[in-house]
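Structure first, then comments.
Just so it is clear, none of the values below were taken in a lab; they were calculated from the coordinates. A quick note: this is a predicted structure, and the numbers were derived from the prediction, not measured. When we count neighbours, we look across all protein chains shown, and the Cβ atoms used for this are built from the backbone with ideal geometry, even at glycine.
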Amino acid sequence: MKNGKRPTRRQKLAIKAINLNPANWLVYKTDDQRLHIVHRLTNTTRSIPVCG
């Protein structure tokens, strides 16, 4: 898996909207509909919908 990147401001809002702490998550892939994130410490991955 590629290394994750720090989320942008808009991505942080999407992460915060589902009650996750944006400081703990990195973005490794983006689509038009979804944001794929990985946890900094546990390497757990999630796929969340993008706002707007």
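For this structure, a couple of remarks:
- Each stretch of four or more DSSP H residues adds -39500 (n - 2.57); spread over every residue of the chain, this sum gives -5000 deg cm²/dmol at 222 nm.
- Rounded to the nearest 20 debye, the dipole magnitude of the chain is 200 debye, with +1 charges on Lys and Arg beta carbons, -1 on Asp and Glu beta carbons, and the Cα centre as origin.
- Positive-pole candidate from 8, 28, 48, dipole of the chain, charges at beta carbon: 8
- Note: relative contact order over the chain, using C-alpha pairs below 8 Å and six or more positions apart, is 30 percent.
- Here the 3J(HN,Hα) profile of the stretch 10-18, calculated from phi with Karplus coefficients 6.51, -1.76 and 1.60 at θ = phi - 60°, is 5, 5, 4, 5, 5, 5, 5, 5, 9 Hz, Gly and Pro shown as x.
- Reported label for calculated Cα extents along the principal axes in Å given (i) 43, 27, 10; (ii) 27, 20, 16; (iii) 37, 18, 15: (ii)
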